[in-house]
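Please read the structure below before turning to the comments.
The values are calculated or read from the model by the stated rules, or taken from the named source; none is laboratory data. Fair warning: this is a prediction, and the values are worked out from it, not measured in the lab. Heads up, the Cβs are rebuilt from the backbone with ideal geometry, glycines too, and the neighbour counts pull from every protein chain shown. For the accessible areas, the whole protein counts, side chains as well, though only heavy atoms, and no ligand, DNA or RNA atoms are used. Shrake-Rupley method; radii C 1.70, N 1.55, O 1.52, S 1.80 Å.
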Amino acid sequence: MQPKKAPPDFTNQQLAKRFSGKLLLRNEIPLNEALFQKLCSANLFTPSKSIKRKKLSNQCQRCNNQKQSLFAAIPCQSCKKTHLYCRNCIEMGRVMECEALYLWSGEAPIWPSLEDPCSWIGKLTNVQQQAANRIVNAIRNKEKELLIWAVCGAGKTEMLYPGISEALMQGKRICIATPRADVVRELLPRIKSAFSSTEVAALYGGSPDKDATAQIIISTTHQLLRYKEAFDVLIIDEIDAFPYHADQSLPFAANRSKASSNTTIYLTATPRSEHQKQIRQKKLPHIFVPVRFHGKPLPVPLFKMCFDLRKELKSYKPPTAFLKWLDHRKNPKRRLLVFVPTIKLADKMKDNLTQILIDKQILSSNDSLCAVHATDPDRKEKVELFREKKIEVLLTTTILERGVTFPSVDVAVLDAGHIVFDEAALVQISGRAGRSPDDPTGEVLFFHDGKTDAMVEAKNSIISMNKRGGFS
Amino acid sequence: MQCLWCHEQIMHETSWKNLLLLDGKALLCQECKSKMEVLSGKCCSRCSRITNEEVCSDCRWWEKQSVEDPLMFNHSVFNYNAFMQELIAKWKYRGDYFLGNAFKEPFVKSFRKKFTFLEKNAIAVPIPLSTKRLTERAFNQAQMLADFLPIETCAILSRKHGEKQSKKTRYERIFTKNPFAINETINNPVVLVDDIYTTGTTLRHAASLLKEHGCTRVYACTLVRG
Ligand SMILES: [Zn+2]
Ligand SMILES: [Zn+2]
Ligand SMILES: [Zn+2]
């Protein structure tokens with residue numbers, strides 16, 4: 001065994017940067033026991049109960065789970081008692097009743113105030129600049145909330161730069177939270193190069209930066225469960241997206257992570273009805289960005305009826321109408337993004353589709369088509385291959401409906417009437433086409449055997465956004 | 001009731017079968033249950049490894065190592081497929097103790113079928129964890145499995161020091177000193193219980209220690225064949 005190095009002496013400010021604003025289990029605090037005990041007895045860490053027992057229901061103090069079915073009893077060999085643990089947030093490390101959650105209660109961290117923090121040299125379009133100015137004002141005036149309703153491809157990340165600069169000039173701490181780890185990984189290099197003298201860290205399940213001390217945090221919404229009263233500016237991307245709606249603990253975590261004086265910026269291309277209602281009632285300040293950054297309208301989906309769809313899908317064959325369309329694409333050089341409703345269909349249709357596309361000479365080889373879905377371990381690599389134009393066709397479930405951008409693709413949705421394709425999903429999927437300034441259009445086709453309200457509403461909403469953008 | 005794994009609502013099909021058996025307590029939904037692959041068909045009679053041979057090459061190697069293999073045989077219940085790997089990882093490493101109950105019914109059923117010959121005084125002995133690991137995990141997965149079985153459980157083994165098995169090479173694992181200590185001697189037949197049979201070294205260390213201390217026969221029953 002190597003002799004262990006003596007622990008470095010941390011200043012209180014270093015510790016504050018590392019631990020303030022976090023709610024952590026002991027094993028998430030990588031300090032040796034002696035130092036940790038010292039900090040506890042100096043009241044720099046304050047322990048609190050991790051699971052509160054109530055009369056009718058218990059409550060996990062990390063994820064706010066109150067569903068009894070998501071608590072279980074464990075005969076704990078550590079404390080020799082049988083007690084509860086939370087099954088809801090167990091992927092983040094197990095919260096047990098016999099272990100406390102620790103909150104930093106020492107001095108507050110002092111973040112640097114920079115004079116000119118933004119190193120991005122691009123230029124915003126007029127429409128983007130208007131939205132950017134509105135965000136700057138919200139942060140400057142400490143407004144509580146602002147919703148940015150920006151169509152897919154409006155260039156919302158760049159619109160955030162002036163606001164983030166404003167916050168950095170004031171020495172504020174910023175978090176950009178997004179539902180998907182893919183998007184966190186995509187944002188990290190962009191934000192890092194746009195703010196090259198500020199520390200930026202990315203947090204997602206399995207990310208290397210767990211112990212992040214950065215002033216700008218890019219995080220999956222899940223990781224916010226470890227924060228409490230941390231961020232002066234919280235930017236919540238894709239506020240309408242899964243999993244905010246599915247998992248109650250995520251809005252709870254986002255809310256708890258706000259510092260007492262906080263500005264929250266919501267970003268969405270497809271606001272849910274409750275947000276639209278708040279906008280109409282003027283309860284939620286918002287700004288609408290109806291034009292894509294390249295100035296061209298959103299592609300409007302075309303509906304294609306497929307009479308034998310059930311039969312074809314049952315034998316995992318692509319619909320005949322889809323194959324017909326393949327022969328008459330406006331620009332056959334574009335690559336193909338094909339959405340299917342289920343993982344099973346993605347897996348099982350893959351070989352059939354590959355063979356057909358090879359016969360049609362659309363594909364050059366077996367490996368220029370890939371299928372991806374949520375539980376695919378190679379998903380990251382496959383998406384990267386498609387983005388780099390190393391594969392021609394990507395067959396996917398709704399996991400690629402948002403966040404990821406591919407240049408120059410046509411989009412086909414097979415069985416667009418399926419229940420997984422709600423209005424927001426279909427608008428997002430349509431928004432995958434025409435993202436490149438070199439090829440700002442793209443075909444979007446919905447193959448179906450009976451159009452649904454979701455399909456019609458998606459199409460209408462795209463047409464109305466184009467109208468608001470000045471296209472007719 | 002929601003599925004312990006995917007949280008889908010579990011639909012209880014009303015059929016004559018479950019009306020009669022009143023088996024209303026499914027912990028996993030049908031879909032998840034169907035992904036657990038019970039080992040059946042051609043397996044090694046000594047270690048449950050999938051093979052066409054009666055005794056696999058691993059086990060023939062073991063036979064050559066000593067006059068008598070301390071372990072009569074190992075019986076594993078499930079194939080260690082991707083789904084089982086995920087389930088076991090969440091149960092054991094994430095520490096989702098309750099999830100282990102999903103194994104109970106098939107584990108007990110398979111045990112009863114395989115060990116029909118077992119004497120009534122047979123005893124289940126779980127493979128122990130080191131004190132450090134036990135404190136970290138708060139439970140011993142092998143103990144949980146042993147407690148499911150319809151025979152008495154005695155945790156008579158302990159670990160001498162908490163060295164991590166997986167960090168060693170196969171050679172090191174096989175030829176190192178016995179990591180176990182025995183706290184009590186028994187001369188009953190013993191069924192060693194663990195979550196996974198990988199090389200069989202751990203179980204043989206435990207088995208030979210038990211036999212040195214008077215056990216007549218030692219078998220193993222494990223959840224998966226790794
Ligand atoms: Zn919890
Ligand atoms: Zn405990
Ligand atoms: Zn064998």
**Residue match in the stretch B:72-93 (condition: within 16 Å of ligand 3 (Cβ to nearest atom) and among the hydroxyl-bearing types (Ser, Thr, Tyr))** = yes
**Request:** Take residue A:56 and decide whether it is under 27 Å from residue A:199 (Cα atoms) and away from ligand 1 (no atom under 16 Å from the Cβ).
**Result:** no
**Request:** Working carefully through the options A:402, A:435, find the one that is at pLDDT below 95 and either open to solvent by 60 Å² or more (accessible area, probe 1.4 Å) or in contact with a helix residue (DSSP H, G or I) (Cβ under 9 Å, 6 or more places away or on another chain) (or both).
**Result:** A:402
**Fill in**
Residue set A:58, A:27; condition in contact with a helix residue (DSSP H, G or I) (Cβ under 9 Å, 6 or more places away or on another chain) and open to solvent by 70 Å² or more (accessible area, probe 1.4 Å); output residue A:27
**Request:** Out of B:99, B:27, B:39, report the one residue that is more than 16 Å from ligand 2 (Cβ to nearest atom), surrounded by 12 or more Cβ atoms within 10 Å (Cβ to Cβ) and more than 14 Å from chain A (Cβ to nearest Cβ).
**Result:** B:39
**Item:** Failed criterion for residue A:340 (all others in (1) open to solvent by 20 Å² or more (accessible area, probe 1.4 Å); (2) of a type in the set (A, V, I, L, M); (3) closer than 30 Å to residue B:6 by Cα hold)
**Value:** (1)
**Request:** With respect to residue A:37, determine if the residue is free of Cβ contacts under 8 Å to residues at least 12 places away in the same chain, within 24 Å of residue A:257 (Cα to Cα) and open to solvent by 60 Å² or more (accessible area, probe 1.4 Å).
**Result:** no
**Request:** Mind listing whichever residues of the stretch A:340-361 are among the hydrophobic types (A, V, I, L, M, F, W, C) and within 33 Å of the chain's Cα centre (by Cα)?
**Result:** A:340, A:343, A:345, A:346, A:349, A:353, A:357
**Item:** Candidates A:49, A:81, filtered to the one that is without any contact (Cβ under 8 Å) to a residue 60 or more places away in the chain and more than 14 Å from chain B (Cβ to nearest Cβ)
**Value:** A:49
**Prompt:** What residue, among those in the stretch A:95-129 that are touching a residue at least 24 places away in the same chain (Cβ under 8 Å) and within 14 Å of another protein chain (Cβ to nearest Cβ), is nearest to residue A:46 (Cα to Cα)?
**Reply:** A:99
**Prompt:** If you go through the stretch B:80-92 one residue at a time, how many are more than 10 Å from chain A (Cβ to nearest Cβ) and either under 19 Å from residue A:75 (Cβ atoms) or in contact with a His (Cβ under 7 Å, 6 or more places away or on another chain) (or both)?
**Reply:** 2
**Request:** Select, from A:43, A:88, A:65, the only residue that is more than 16 Å from ligand 2 (Cβ to nearest atom), open to solvent by less than 20 Å² (accessible area, probe 1.4 Å) and of a type in the set (S, T, N, Q).
**Result:** A:65
**Message:** Going by what's in this entry, would residue B:163 be described as within 14 Å of chain A (Cβ to nearest Cβ) and modelled with pLDDT under 85?
**Reply:** yes
**Only one of B:139, B:107 that is within 12 Å of chain A (Cβ to nearest Cβ), open to solvent by less than 60 Å² (accessible area, probe 1.4 Å) and modelled with pLDDT of 95 or more** = B:139
**Message:** Among the numbered criteria (1) under 13 Å from residue A:102 (Cβ atoms); (2) crowded, with 17+ Cβ neighbours inside 10 Å; (3) modelled with pLDDT of 95 or more, which one does residue A:18 miss?
**Reply:** (3)
**Message:** Can you tell me how many residues within the stretch B:67-96 are without any contact (Cβ under 8 Å) to a residue 40 or more places away in the chain, open to solvent by 40 Å² or more (accessible area, probe 1.4 Å) and not in a helix (DSSP H, G or I)?
**Reply:** 3
